[in-house]
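Notes for the one structure printed next.
The values are calculated or read from the model by the stated rules, or taken from the named source; none is laboratory data. The model shown is predicted, which means the values in this text are computed figures rather than measured ones. Here the Cβ positions follow ideal geometry from the backbone for every residue, glycine too, while neighbour counts run over all protein chains shown.
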Amino acid sequence: MSAVIKASGLSKRYGKTVALDGVDFEIEGGRIVGLIGPNGAGKTTALKAILGLTDFQGELSVLGLDPRRQRHELMQQVCFIADVAVLPRWMRVAQVIDFVGAVHPRFDRAKCERFLARTKVQMRQRVKELSKGMIVQLHLALVMAIDARLLVLDEPTLGLDILYRKSFYQSLLEDYFDEQKTILVTTHQVEEIEHILTDLMFIRDGKIVLDADMDAVGERFVEVMVNAEHADSARALNPLDERQIFGKNIFLFDGVERARLETLGEVRRPSVADLFVATMKGTYA
Amino acid sequence: MKTFTWLLKREYWEHRGGFLWAPVWTTCAILILTVMGIVTTEVFRIRGNVQMFFNLGRLHSEMDAGDIARAGLTLDYGQLVLTSVLAVVLFFVLFFYLLGALYDDRRDRSVLFWKSLPISDTATVLSKTVTAMLMAPLIALAVATVGYLALLTLVTLWSALHGVNALPVIAAAHPLGMAWRLLLTVPVDALWALPCIGWLLFWSSSVRSKPFLWAVLVPVVAITLNAWFGAMGLPHIDSSTMTSNVGRLLLGIAPGAAWQAQGFGHHGFHDGDIMEQLAPSNVLGTLATPEMWIGVAVGAALIGAAIWFRRWRDDS
């Protein structure tokens, strides 16, 4: 499948600050990509560039379109949820649905109403009368009813409780995602999306520091629980990170032969969160 | 086209309070005050301890054709006054509507929702322009006309209560003619207001915060500096030219501004004067002035700038 998003030399600066520093990446269709990075790493800028919300230097093509010049065509096939608070607060639920239905050629009203029927959101209610969780349910219902090829989610579950967060991603996976669609998501709650991601991208200081699919991540990165007596030989293999739990040392290795590590101790796949912390060490220092 | 209709509908949904209810409640207030006036008159009359200024019955029997014609013109005047009161309300509604039109959704970030839909920024800004040019003024005029009909009914009933037939006076008035003339002022005013609409939309879409301050302070500072240059004997623009042009940027959305700029209504109205001054040829005559079209060009440029900012303004 051809690339849904293709960026090369993507750069953006705000005054003296470099938000994106000549980034190259490609995202294939039918993937769920997590774009993970610390605050201020350039995640939102990258998403804004993809959505044509900001100007940039370099090359970027989204669904074969230039988001700067062909934003209007692009938005027929791209949906995004910026964060919880962006639905107009004065609008009634029925008005939001009427409006999106009228202006969006790929909106399926019945589907939207079916999703909403599972929630407590009422048609007569105004958005400002809904809780944060209900607003996100409404937004998700709107977006899932649009047959878009690319869905961009920027911290879609910020400030929601765990029930809403779980059901948000569950709905996305069960009722929305298929091979025709691509989802690009940024979030700080890495552990909650790790099992749904097919690809992982780490961004730091405007640069992509990791870009791999989850299988490759599992092969490349290995965590080993090492007893104290083997700790020094583990350190000799130049681990990414070292921490201690219950008197055992846990080492994280990048690209070290698995068989060799198995001699040191119990080997397992690192969580994305641990990988993230190890990769981003010293970011705020 | 369908999208544009829905964009207008969207503006109406959000601003129904200003576009519909503000004129409706103002009209209701005027009608209620009228009823209160009538009741007061009746109460004092019944108590009989107050000398009435006139006796309706006698007044009617003594009226000749000229008096009836004059009374009819008074009714026309009443129609104009009622509409003008709503025009003042509309001015304030439009002023703050336009300042917020491209700013409020940036402030509460809902702009990200609107921008997630396949709607061009040009269509968005133009829908707000058309709302200010035509939709809001037409609603206000419709409310004023209905309000005037209610007022006529009230007066007719009150006269009838005293055995007086008000119909000849109403027949001598020109409610339809006036309504038609007032309707004609809407598109002419809309074109005349374009620089003001553009000015307010420009600040609404371009500044990071406080569009009101920018929109008002920039002209005030410009006028002050120009006056100071004049006082210092430095090159400057004639102060009345400056004031009228800058004033148009800020106040051009006031209904009737086009017509007033032609010098009409400055010296009050005399018998039969209103219908004449508001004659279609006078109203449409504004279209033949260069000021009109220079303003349209300035307004179009400002709206173009507002569209550009709407597209590229990055608030992160």
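The table below gives the values:
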read-out	value
Number of positions in the range A:63-76 that are buried (at least 19 other Cβ atoms within 10 Å of the Cβ), assigned to a loop (DSSP other than H, G, I, E, B) and within 11 Å of another protein chain (Cβ to nearest Cβ)	1
Residue satisfying condition, being of a type in the set (Gly, Ala, Ser), in contact with a Phe, Trp or Tyr (Cβ under 8 Å, 6 or more places away or on another chain) and outside any strand (DSSP E or B), within set A:Ala49, A:Ala41	A:Ala49
B:Ile38 within 27 Å of the chain's Cα centre (by Cα), assigned to a helix (DSSP H, G or I) and modelled with pLDDT of 85 or more	no
Condition met for A:Val136 (more than 26 Å from A:His72 (Cα to Cα) and not small (Gly, Ala, Ser))	no
Test result for A:Gly34, surrounded by fewer than 17 Cβ atoms within 10 Å (Cβ to Cβ), away from chain B (no Cβ under 11 Å) and of a type outside the set (Ser, Thr, Tyr)	no
Residue within the range A:72-93 that is out of contact with any helix residue (DSSP H, G or I) (no Cβ under 8 Å at 6 or more places or on another chain) and on the phi > 0 side of the Ramachandran plot present	no
Filtered residue count, the range A:77-109, keeping only those that are more than 7 Å from chain B (Cβ to nearest Cβ) and in a helix (DSSP H, G or I)	8
Out of A:Gln137, A:Gln125, sole residue that is under 20 Å from A:Phe168 (Cβ atoms), buried (at least 21 other Cβ atoms within 10 Å of the Cβ) and not hydrophobic (A, V, I, L, M, F, W, C)	A:Gln137
A:Glu129 in contact (Cβ under 8 Å) with a residue 12 or more places away in the chain, more than 8 Å from chain B (Cβ to nearest Cβ) and not β-branched (Val, Ile, Thr)	no
Residues of the range B:157-178 that turn out to be surrounded by 12 or more Cβ atoms within 10 Å (Cβ to Cβ) and free of Cβ contacts under 8 Å to residues at least 60 places away in the same chain, as a count	2
Enumeration of residues in the range B:78-110 that are assigned to a helix (DSSP H, G or I), under 21 Å from B:Val207 (Cβ atoms) and in contact (Cβ under 8 Å) with a residue 12 or more places away in the chain	B:Leu94, B:Phe95, B:Phe96, B:Tyr97, B:Leu98, B:Leu99, B:Gly100, B:Ala101, B:Arg106, B:Arg107
Subset of the range B:1-14 [among the acidic types (Asp, Glu) and either within 11 Å of chain A (Cβ to nearest Cβ) or in contact with a strand residue (DSSP E or B) (Cβ under 9 Å, 6 or more places away or on another chain) (or both)]	B:Glu14
Filter result (among the hydrophobic types (A, V, I, L, M, F, W, C) and touching a strand residue (DSSP E or B) at 6+ places or on another chain (Cβ under 7 Å)) within the range A:231-255	A:Ala231, A:Ala234, A:Leu237, A:Leu240, A:Ile250, A:Phe251, A:Leu252, A:Phe253
Complete set of residues in the range A:102-114 that are more than 28 Å from B:Ser120 (Cβ to Cβ) and in contact (Cβ under 8 Å) with a residue 40 or more places away in the chain	none
Qualifying residue in the range B:190-204 (condition: polar (S, T, N, Q) and at pLDDT below 95)	no
Search result, residues across the range A:70-101 that are more than 16 Å from A:Met144 (Cα to Cα) and either in contact with a Phe, Trp or Tyr (Cβ under 9 Å, 6 or more places away or on another chain) or touching a residue at least 60 places away in the same chain (Cβ under 8 Å) (or both)	A:Val86, A:Pro88, A:Trp90, A:Met91, A:Arg92, A:Gln95
Helices (runs of 4 or more DSSP H) wholly inside the range B:187-269 containing at least 3 residues that are over 30 Å from B:Arg313 (Cα atoms)	B:211-231, B:239-251, B:257-261
Output for the range A:178-188, where each listed residue is crowded, with 19+ Cβ neighbours inside 10 Å and either acidic (Asp, Glu) or at pLDDT below 90 (or both)	A:Thr187
Some residue of the range A:6-17 being within 13 Å of another protein chain (Cβ to nearest Cβ), in contact (Cβ under 8 Å) with a residue 12 or more places away in the chain and crowded, with 24+ Cβ neighbours inside 10 Å	no
Of all residues in the range A:140-177 being among the acidic types (Asp, Glu) and surrounded by 18 or more Cβ atoms within 10 Å (Cβ to Cβ), the one that is nearest to the other protein chains (Cβ to nearest Cβ)	A:Asp154
Qualifying positions in the range A:37-49 - surrounded by fewer than 23 Cβ atoms within 10 Å (Cβ to Cβ) and away from chain B (no Cβ under 13 Å)	A:Pro38
Boolean, B:Gly17 is within 14 Å of chain A (Cβ to nearest Cβ), in a helix (DSSP H, G or I) and not acidic (Asp, Glu)	yes
Residue that is farthest from the other protein chains (Cβ to nearest Cβ) [pool: residues in the range A:50-62 that are of a type in the set (S, T, N, Q) and farther than 30 Å from A:Gly133 by Cβ]	A:Ser61
Residue satisfying all of: in the range B:108-129; more than 9 Å from chain A (Cβ to nearest Cβ) and surrounded by 21 or more Cβ atoms within 10 Å (Cβ to Cβ); nearest to B:Leu8 (Cα to Cα) among these	B:Ser127
Selection within the range A:169-185 - out of contact with any strand residue (DSSP E or B) (no Cβ under 7 Å at 6 or more places or on another chain) and in a strand (DSSP E or B)	none
